[in-house]
1. Can you check what the net charge comes to around residue 566, using other residues whose Cβ is under 9 Å from the Cβ of residue 566 (Lys, Arg +1; Asp, Glu -1)?
2. Can you give the net charge of the other residues whose Cβ lies under 13 Å from the Cβ of residue 218, counting K and R as +1 and D and E as -1?
3. Provide the net charge surrounding residue 544, with neighbours chosen by a C-beta distance below 15 Å and charges set as Lys +1, Arg +1, Asp -1, Glu -1.
4. Could you give the accessible area per residue of the range 13-87, probe 1.4 Å, as a whole number in Å²?
5. Can you list the lysines whose alpha carbon sits under 27 Å from that of residue 299, skipping same-chain ones fewer than 8 residues off?
6. Along the positive direction of the dipole of the range 275-434 (beta-carbon charges: Lys, Arg +1; Asp, Glu -1; about the Cα centre), which of 290, 317, 397 reaches farthest?
7. Run the reach check for residue 531 against lysines, Cα to Cα strictly under 25 Å, same-chain hits fewer than 8 apart removed. What comes back?
8. Ranking request for peptides 550-563, 291-304: highest mean number of other beta-carbon atoms within 10 Å first, then the rest in descending order.
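The values are calculated or read from the model by the stated rules, or taken from the named source; none is laboratory data. The structure presented is a predicted model; accordingly, all values stated were derived computationally and were not measured. Cβ sites come from the backbone with ideal geometry, for glycine too, and all protein chains shown count toward neighbours. Each accessible area value is taken on the protein alone, full model and side chains, heavy atoms only, with ligands, DNA and RNA left out. Shrake-Rupley method; radii C 1.70, N 1.55, O 1.52, S 1.80 Å.
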Amino acid sequence: MTAEGTPVSETILIYVAGNPDAYPIEYYDEQTQSYQGVIPQLLSRFSSASGYEVVYYQPGERDARAHLGNNNQVDLLSGYLEGEYVPSSVASIPLFSAHTDGETQTYCIHLTRAAPAQLLSDLQAFSQAVPQEEISGILIDTAAARTGGLSPGMAGTLLVAAVLLAFGVSLVIRRYRKRLSQALAAAQSDPVTGVGNLTYLDEQYRRQIIPRNRILYHLVYFFVDTDHLRRISDSQETDDFLRYCAAMLTEYLEPGDILARVSDHGFAMFRMKEDAAQVYAWAATVVGKMQSYPQLYSKPFEISASAGIYSLKAREGPLPDLIFTASQGAFSAARENMDYVICTPEMQQQLAQEKFLQASIEQAFARREFKLYIQFYVDAMTGEIVGGEALSRWNHPQQGVLMPGVFVPLMERERLISRLDYYCLEESCAFLQRLVEYGIDAFFISCNFSRETFSAPDFSSRAKDIMERYRFPRELLIFEITESASVQRVVQIRQNIIALRQYGIRVALDDFGEGLTSFYDLHKYPIDGIKLDKGLIDYTLTPSGAAILKAMVQVGHELNMTILAEGVESQQQARALQEIRCDVIQGFYFYHPLPDWEAEQKILAQFASRDHSAEEQTKNHP
């Protein structure tokens, strides 16, 4: 029912911007984190007596009434004295008068352009129906609540005395509120930078960002590569840079914006701007300032920084999902060497799939959904199968067979790639043992390992533990080091290579010739073979490409290395590699990757045919 008794079919939500510092008329109470005083109590009674639900918007110690009113984010602006200029007001309603400091002051509430048309008349009817004696009682109750309670004899004290008492104790109470506020701020602050943390961001997000204003906000996630910075400098230098970032971002804060450091390498900022282009330009400026830190302070290193920008929709999921989306945009920008990436619906769809796959990984390992595929190597001169590369496919129960490009980057981000590496090694060992049991001991398998796996101190021992469970000649395994991560732990990698070679395993460099790193590896590590990168093979038929490949093959042979070539897709490429005496070739021109069971059948058929031919030759030439 309305104040006039008119039935209302549904509740109408009304947002109020309050005066945080007009005690006891209206004030923000830090302990309850809500508005208290005469006006909040009157509006609460109005809610109970009408079809409106009145809610204070963005409660806090900062007076945001002017900002919220100008942006039409609230319906009511309260806690103003009669006669105060309120630019966003379209109507004013006097609520009550109070006698303070020898004067009678009238407090008003203002309606903004966002207010429903019926609200003005309903509020006027309500305010006229509230007697002054009831206002006096609320004032006395407010003073009693702030001073720990009044004795029964004080109940009849004059209204002026109640107001004076309230103001008399306000200094003590404000000191208490300040201490409480400091304690709460410490719990919601990042200890390194002083800006808010994830807890702070979550609270402010729930308070400030509501359906009415959500589409005005953009979430910008700034990624800074602190892992790299700590490796090339130290923790103190990294903390100084993070404080620089926080101070610089704080300077950009405008009313309605929210800033927090949400991870070791990420700041998140809700930016309220209707013009998305302005947000994009601003994000690029911020990233540029982050990257210019070494020049500003004469530091001998570079900074990797990027941003992911997500524009909020009218309906959104929980805050962690929003941060995940924006952060993945920032990571994508870092990989592509871009200042920022805008999180499009297509990217969101891809991220949703990744989240779904991420939740399935543990079950996939338990159910052994990762399947071994083999792509054959052939002898460059004869074309016969001599070995194969171990590859992984995810046989997902809902999404079918997934290629490595779908799940390997996800596993690398989730630090699960080593688990997949060891899983694939075990499957390869089992495959080789089955071949040996069939009498085939001349087929080798190469296994890829990420740098993260290969550089681990326990890599050689863990690999040996797996191989010890299977029976096959150890030289049938070739371990490939991939270029999926930067060069780290050179000494440890070298130690692992030496330990594996002593055990009988051969080691090869994958993607050789892709960059200068490959030549550095060739110099540093004791290697048995190199696998020429597909990018080089694509230029096989050009004079310069053929000359470069020929030189690489010659150097490799002089170092007693086996030369493998990948990505061969035509007969012309295969012939060119034969002419420069490449040892082993792999590519779609010969074979596509096959499931292990199908690869096993082909191997058995070839070796059976070879044995049969050998028998025939023995009969014909005894």
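1. Overall, the nearby charge balance is -2.
2. -1
3. Working: positive: 550; negative: 538.
Value of the local net charge: 0.
4. Values: 2750 Å² over 75 residues.
Roughly 37 Å² per residue, with all protein chains present.
5. 289
6. 317
7. Filter leaves 371, 464, 550, 602.
8. 550-563, 291-304
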